[in-house]
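Asks: My questions will all concern the structure given below.
The values are calculated or read from the model by the stated rules, or taken from the named source; none is laboratory data. Since the structure is predicted, the reported quantities are computational estimates derived from the model, not experimental observations. Methodologically, a virtual Cβ is constructed for each residue, glycine included, from the backbone with ideal geometry; neighbour enumeration extends over all protein chains shown. When the accessible area is computed, the model is the full protein with side chains, heavy atoms only, and any ligands, DNA or RNA have been set aside. Shrake-Rupley method; radii C 1.70, N 1.55, O 1.52, S 1.80 Å.
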Amino acid sequence: MTITAERLEGARMIRESAAGIADRGDVGRTRKLRFSETGFDRQILKEMCDLGWLGLRLPESDGGSGLGMVEMCALAEELGAAIVPEPLIPAALAVRVLAEPERTAALEGRLVVLPAFQEQAADPDAAPATSVQQGRISGRKLFVPSPRGADAFVVTSREGSFLVRSDAPGLVIEAVTMQDGSHSGTLVFNDAPAEKLPGRLEDGLDDACLATAAYLLGLADAVLERTVAYLKVRKQFGAVIGTFQALQHRCVDLKLQAVLARVSVEDAARIADTNVGIDERRAAVSRAKARASDAALLVARQAVQLHGGIGFTDECDIGLYLRKAMVLAPAFGGSAFHRARFAALTFGDSAEASPAPARTA
Amino acid sequence: MTAHDSGLHDSIREEVRKLCARFPADYWRKLDEARAYPTDFVRALTEAGYLSVLIPEEYGGTGLGVSAAAAILETIQAEGCNGAACHAQLYIMGTILRHGSEAQKRRYLPKIATGELRLQAFGVTEPTSGTDTSSLRTFARRDGDRYIVNGQKIWTSRAEHSDLMLLLARTTPRDQVTKKTDGISVFIVDMRTALGNGLTIRPIRTMMNHSTCEVFFDNMEVPAENLVGEEGKGFRYILSGMNAERILIAAECVGDAKWFTDTSVKYARERQVFGKPIGGNQGIQFPIAKAYAAMRAAELMVHDAARRYEAGLDCGAEANMAKMLAADASWEAANVCLQTHGGFGFAEEYDVERKFRETRLYQVAPISTNLILAYVAEHVLGLPRSY
């Protein structure tokens with residue numbers, strides 16, 4: 001899939017169309033949905049489906065739009081800029097392996113299916129121990145996003161990917177509330193009925209990881225944009241504080257990190273859409289996710305600091321970005337995990353086995 | 001920099017300052033260009049008695065504590081001079097003082113105190129052992145009333161400007177001792193007689209004027225009476241001297257940081273760009289202020305280490321941390337000073353680039369920052385040994 005002027009124009013149009021749902025100037029909707037039962041608005045998720053976002057990466061023959069990661073990242077970036085709470089990226093991962101009639105139901109927003117794949121806290125890539133015998137699945141999955149809002153889950157196992165209904169007997173969902181007001185679940189399967197799916201969920205993990213990096217990139221840019229706007233109006237000692245060099249220089253440093261994250265994400269999206277080896281592709285994804293996770297956390301933290309006292313209050317929206325960054329930075333592997341994976345993929349066996357500590361502000 | 005002197009040893013500082021005024025920047029610049037030893041400066045310090053402050057009065061010194069020595073060295077650096085040429089004369093003798101025989105003390109210390117004998121070379125590091133001192137290979141074999149020494153040392157500073165050298169050598173092979181730090185001994189080598197008789201000194205040209213050398217021993221004879229303390233226990237004797245060394249070098253770093261900050265402030269107030277002094281920019285003044293604060297914190301650590309040392313308390317952790325923090329502070333102040341000066345910082349006539357090169361040494365010597373972190377992690381915090 002080569003990058004053409006036509007495709008870039010397409011990506012631009014996706015960004016524009018995103019503005020209707022993902023308004024980077026107003027995060028009031030996100031604020032209202034915090035700490036609610038599902039943490040997101042099912043009607044909005046359906047609108048996203050109607051715009052074709054869920055099936056953006058699916059082939060047209062499967063009811064999708066057949067677009068690439070360049071387009072997916074453009075969309076995810078806009079979602080991140082507005083910190084939208086709907087779990088579009090996990091749902092887009094799950095829909096790739098669904099069979100009919102669930103695939104069409106999901107693409108039309110009638111059925112919310114979310115992925116459950118991670119079993120080891122520090123390694124989202126580890127092979128699952130969950131097993132299926134005679135159509136019954138047993139195992140334990142961590143960090144499933146927004147499970148109270150799901151109708152069904154795609155669950156990885158030693159025998160492949162399976163569909164499990166959220167009301168299936170033998171499934172217990174233990175949910176914990178997250179910093180951003182969403183929730184995450186540990187799913188315990190005990191001989192729960194499961195239907196075999198044709199595809200392997202694992203094959204889509206890198207795309208979902210890269211899309212999350214793009215979301216974090218959008219978040220970083222938007223929170224910096226808001227902060228710079230604040231520095232231009234807030235006055236102290238009779239001067240707008242944006243005239244202080246110490247603050248200007250700090251914003252420049254943050255911008256540099258955001259730009260580094262941007263080139264890494266855009267590069268990874270181009271590589272993902274090119275016909276390259278799996279290792280090169282995964283290394284690029286790791287590079288992008290490590291940078292985007294670190295940049296989003298750094299910029300969001302500094303944004304709170306640059307707002308001064310008001311930034312520490314809940315009524316100030318700036319904190320919503322920090323909380324979202326804290327929840328999504330580790331999703332699909334945090335920066336330490338991806339630095340180690342990048343090293344292993346790039347330098348081979350000689351690379352240090354244990355991940356380096358995360359670099360944060 | 002009287003404004004932020006510590007209040008300790010003010011009269012000594014005042015006198016050292018007067019002495020340093022006789023050796024202006026121009027003096028150091030010429031030496032730097034020729035990589036020449038500051039003979040006149042060292043002579044002046046010696047004659048004024050500043051290099052004998054750690055030697056007790058009964059052996060001809062002034063018997064002041066390590067804090068006085070620290071005040072002297074700090075002031076030398078803060079005044080733009082460089083004490084590295086002679087700071088070891090202050091503390092290497094400590095090994096003889098603490099572990100030498102009465103005869104050795106009577107024989108050497110009074111002459112070291114007057115400067116008649118210079119003991120400012122310390123043969124420890126070898127090309128293949130580095131910080132892992134116990135793996136040193138230089139060997140001293142006992143032969144009747146003498147030892148025959150073979151081996152090699154590197155980074156032996158001031159070897160060409162010292163009469164005596166304190167030498168660390170194995171006297172029992174490593175594979176014949178239970179603890180690898182056993183079997184190492186300390187000797188006083190009279191380089192005046194050894195030079196050309198088994199001893200060769202080769203200077204190493206470095207990025208700054210530091211008179212460091214490599215030293216070769218080829219069947220060099222050392223009289224058995226020059227063994228310090230007991231044979232095989234030298235490693236411990238050396239360790240006890242290292243705390244003083246670290247405290248004093250930390251004090252030099254504090255002095256360097258003061259010089260850099262003074263120099264930065266002076267320039268930032270005078271230099272006009274866009275119609276105002278550059279010191280009026282936050283981008284200029286904040287880094288200077290930050291480096292100053294780091295220096296003050298390090299200075300307190302140096303004082304704490306010195307206080308513990310003088311009270312006879314264990315101060316390994318404090319001396320090490322003081323050295324690391326002070327070296328970091330001087331390096332930060334140096335970097336800020338160079339940046340504040342812009343292009344002029346690179347011009348020799350501003351002295352910034354010279355001091356910058358000189359203070360960079362202390363990120364590495366006498367002990368690298370990594371080893372200090374390893375020490376603190378293992379011995380202070382109780383974490384597993386990492387090397």
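Asks: Can you find even one residue in the stretch A:32-47 that is part of a loop (DSSP other than H, G, I, E, B), closer than 23 Å to A:L224 by Cβ and not assigned by TED's automatic domain parsing to the domain that holds A:L219?
Replies: Yes, the stretch A:32-47 has at least one match.
Asks: Since B:E225 meets every condition but one in (1) out of contact with any Lys or Arg (no Cβ under 6 Å at 6 or more places or on another chain); (2) within 14 Å of chain A (Cβ to nearest Cβ), which condition does it not meet?
Replies: It is condition (2) that B:E225 fails.
Asks: Can you confirm whether A:D167 is under 17 Å from the mean Cα position of the chain (by Cα) and acidic (D, E)? Let's see the steps before the verdict.
Replies: Working: under 17 Å from the mean Cα position of the chain (by Cα): no; acidic (D, E): yes.
Judged against the criteria, A:D167 is not a match.
Asks: Then there's this: Within 14 Å of another protein chain (Cβ to nearest Cβ), over 24 Å from A:M1 (Cα atoms) and more than 17 Å from the chain's Cα centre (by Cα), is that true of A:L254? Steps first, answer last, please.
Replies: Details: within 14 Å of another protein chain (Cβ to nearest Cβ): no; over 24 Å from A:M1 (Cα atoms): yes; more than 17 Å from the chain's Cα centre (by Cα): yes.
So A:L254 does not fit the description; no.
Asks: Given B:G275, B:G255, which one is open to solvent by less than 30 Å² (accessible area, probe 1.4 Å) and away from every other protein chain (no Cβ under 14 Å)?
Replies: Among B:G275, B:G255, only B:G255 is open to solvent by less than 30 Å² (accessible area, probe 1.4 Å) and away from every other protein chain (no Cβ under 14 Å).
Asks: When the residues of the stretch B:295-314 are filtered to those that are of a type in the set (G, A, S) and in contact with a Ser or Thr (Cβ under 9 Å, 6 or more places away or on another chain), which remaining residue is farthest from the other protein chains (Cβ to nearest Cβ)? Reasoning before the result, please.
Replies: If we filter the stretch B:295-314 for residues that are of a type in the set (G, A, S), which is where we start, we get B:297-298, B:305-306, B:311-312.
Within this subset, residues satisfying the condition of being in contact with a Ser or Thr (Cβ under 9 Å, 6 or more places away or on another chain) are B:298, B:306.
Details: B:A298: 23, B:A306: 34 Å.
If we take residues in the stretch B:295-314 being of a type in the set (G, A, S) and in contact with a Ser or Thr (Cβ under 9 Å, 6 or more places away or on another chain), then B:A306 is farthest from the other protein chains (Cβ to nearest Cβ).
Asks: Name the single residue that is most open to solvent (accessible area, probe 1.4 Å) among those in the stretch B:128-143 being touching a residue at least 12 places away in the same chain (Cβ under 8 Å) and in a loop (DSSP other than H, G, I, E, B).
Replies: Out of the qualifying residues, it is B:R137.
Asks: Can you tell me which residue within the stretch B:173-197, out of those that are open to solvent by 40 Å² or more (accessible area, probe 1.4 Å) and not charged (D, E, K, R), is nearest to B:A113 (Cα to Cα)?
Replies: That would be B:T193.
Asks: Residues A:V285, A:V276: which one is of a type in the set (A, V, I, L, M), at pLDDT below 95 and either within 19 Å of the chain's Cα centre (by Cα) or surrounded by fewer than 23 Cβ atoms within 10 Å (Cβ to Cβ) (or both)?
Replies: A:V276
Asks: Check the stretch B:309-324 and report whether any residue there is open to solvent by 40 Å² or more (accessible area, probe 1.4 Å), among the polar types (S, T, N, Q) and either more than 21 Å from B:D32 (Cα to Cα) or out of contact with any Asp or Glu (no Cβ under 7 Å at 6 or more places or on another chain) (or both).
Replies: Looking for residues that are open to solvent by 40 Å² or more (accessible area, probe 1.4 Å), among the polar types (S, T, N, Q) and either more than 21 Å from B:D32 (Cα to Cα) or out of contact with any Asp or Glu (no Cβ under 7 Å at 6 or more places or on another chain) (or both), one finds none in the stretch B:309-324, hence no.
Asks: Restricting the search to the stretch B:34-50, which residues are open to solvent by 30 Å² or more (accessible area, probe 1.4 Å) and of a type in the set (G, A, S)?
Replies: Scanning the stretch B:34-50 gives B:A34, B:A36, B:A48.
Asks: Which members of the stretch B:278-294 meet the condition of being assigned to a helix (DSSP H, G or I), within 13 Å of chain A (Cβ to nearest Cβ) and either touching a helix residue (DSSP H, G or I) at 6+ places or on another chain (Cβ under 8 Å) or more than 18 Å from B:A334 (Cα to Cα) (or both)?
Replies: Passing the criteria: B:I278, B:G279, B:G280, B:Q282, B:G283, B:I284, B:Q285, B:F286, B:P287, B:I288, B:K290.
Asks: Within the stretch A:263-273, can one find any residue that is away from chain B (no Cβ under 14 Å), charged (D, E, K, R), open to solvent by less than 20 Å² (accessible area, probe 1.4 Å) and in contact (Cβ under 8 Å) with a residue 24 or more places away in the chain?
Replies: Here is the first cut: in the stretch A:263-273, the residues away from chain B (no Cβ under 14 Å) are A:263-273.
Narrowing the set further to residues that are charged (D, E, K, R) leaves A:266-267, A:270, A:273.
Keeping just the survivors that are open to solvent by less than 20 Å² (accessible area, probe 1.4 Å) gives A:273.
Filter once more, keeping what is in contact (Cβ under 8 Å) with a residue 24 or more places away in the chain: A:273.
Yes, the stretch A:263-273 contains at least one residue that is away from chain B (no Cβ under 14 Å), charged (D, E, K, R), open to solvent by less than 20 Å² (accessible area, probe 1.4 Å) and in contact (Cβ under 8 Å) with a residue 24 or more places away in the chain.
Asks: Could you list, ordered by first residue, the pairs with Cβ atoms under 9 Å in which the first is in the stretch B:337-353 and among the aliphatic types (A, V, I, L, M) and the second is open to solvent by 90 Å² or more (accessible area, probe 1.4 Å), at least 6 apart or interchain?
Replies: Listed by first residue and then by second, the contacts come to B:L338/B:F346; B:V352/B:F346.
Asks: Of all residues being open to solvent by 10 Å² or more (accessible area, probe 1.4 Å), part of a helix (DSSP H, G or I) and not aromatic (F, W, Y) in the stretch A:307-319, which is nearest to A:A229 (Cα to Cα)? Just the residue, please.
Replies: A:H307
Asks: A follow-up question, please. Out of the stretch A:236-262, which residues are among the aromatic types (F, W, Y) and surrounded by 16 or more Cβ atoms within 10 Å (Cβ to Cβ)?
Replies: Answer for the stretch A:236-262, where residues must be among the aromatic types (F, W, Y) and surrounded by 16 or more Cβ atoms within 10 Å (Cβ to Cβ): just A:F244.
Asks: I need a count of the residues in the stretch A:206-250 that are assigned to a strand (DSSP E or B) and either in contact with a Leu (Cβ under 6 Å, 6 or more places away or on another chain) or within 14 Å of chain B (Cβ to nearest Cβ) (or both).
Replies: Residues meeting the conditions: 2.
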